[in-house]
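The block underneath contains the structure these notes are about, expressed in structure tokens.
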Amino acid sequence: MLTALAMVALNLRIALSSIPTVVSDIQAATGWSDAAIGALTTIPVLCMGVFALAVPRIAHAIGRLRTIALALALLTLALASRAAALQVPAVLYVSAFVAGIGIALAAGLVPGVVREQLPDALGPA
């Protein structure tokens with residue numbers, strides 16, 4: 001369980017923090033404006049807010065653990081697709097969108113699963 005939670009946390013962090021660290025490189029390679037780069041870093045945050053509203057419905061339909069597995073699959077797809085950005089820079093926008101959905105799904109369910117699976121390892125609610 002702890003390994004799975006560590007994998008989720010690692011994937012969430014990479015998806016959000018990898019683009020801002022290379023913004024100047026992306027701008028140099030693509031010629032994108034500050035607004036285009038700003039949109040690239042904003043897309044995941046917007047998706048997290050919008051798709052968080054669907055988490056209960058999705059979790060009810062397919063189950064919480066399957067929803068978390070779906071979130072990890074989306075994050076893996078998003079991060080892996082960034083390799084194609086060398087040939088097609090617009091892939092970064094798609095990967096940001098898919099990563100935002102994955103983060104919304106995971107962030108909406110992981111805390112509840114942690115509380116359920118490790119009730120003695122947490123402080124009072």
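The values are calculated or read from the model by the stated rules, or taken from the named source; none is laboratory data. In this text the structure is predicted, and so the values were computed from the model without any measurement. Backbone-built Cβ (ideal geometry, glycine too); neighbour counts: all protein chains shown. These area figures cover heavy atoms from the full protein model, side chains too; ligands, DNA and RNA do not enter into them. Shrake-Rupley method; radii C 1.70, N 1.55, O 1.52, S 1.80 Å.
Which order do peptides 40-48, 109-117, 28-36 fall in by mean Cβ count within 10 Å, highest first?
40-48, 109-117, 28-36
With contacts taken as Cα pairs under 8 Å at a separation of at least 6 residues, the chain carries a relative contact order of 32 percent. Here, P(r) means the percent of Cα pairs in each 10 Å bin from 0 to the largest distance; for region 1-75 it is 16, 38, 29, 15, 2.
Taking a point 7 Å from the Cα of residue 22 along the Cα-to-Cβ direction, the residues of region 81-109 with backbone N closer than 16 Å to it are 81-97, 99.
Under 20 Å from a point placed 7 Å out from the Cα of residue 33 along the Cα-to-Cβ direction: which residues of region 79-115 have their backbone N that close? Answer for this model: 89-94.
Extension gain for residue 80 to residue 57 (0.36 nm times residue separation, less C-alpha to C-alpha distance): 5.5 nm.
Computed about its Cα centre, the charge dipole of the chain is approximately 280 debye, with only Lys, Arg, Asp and Glu carrying charge at their Cβ. Each residue of region 98-113 is assigned a 3J(HN,Hα), and the resulting list reads 5, 4, x, 5, x, 5, 4, 5, 5, 5, x, 10, 4, x, x, 5 Hz, derived from the Karplus form 6.51 cos²θ - 1.76 cosθ + 1.60 (θ = phi - 60°), x at Gly and Pro. For the chain, what % of the accessible area comes from carbon and sulfur atoms, probe 1.4 Å? Summing carbon and sulfur atoms, their accessible area is 70 percent of the total for the chain. The calculated P(r) of the chain, using every Cα pair and 10 Å bins from 0, goes 13, 41, 29, 13, 4, 0 in percent.
Determine the per residue accessible area of the chain with all protein chains present and a 1.4 angstrom probe, expressed in square angstrom.
With the other protein chains kept in place, the chain gives 59 Å² per residue.
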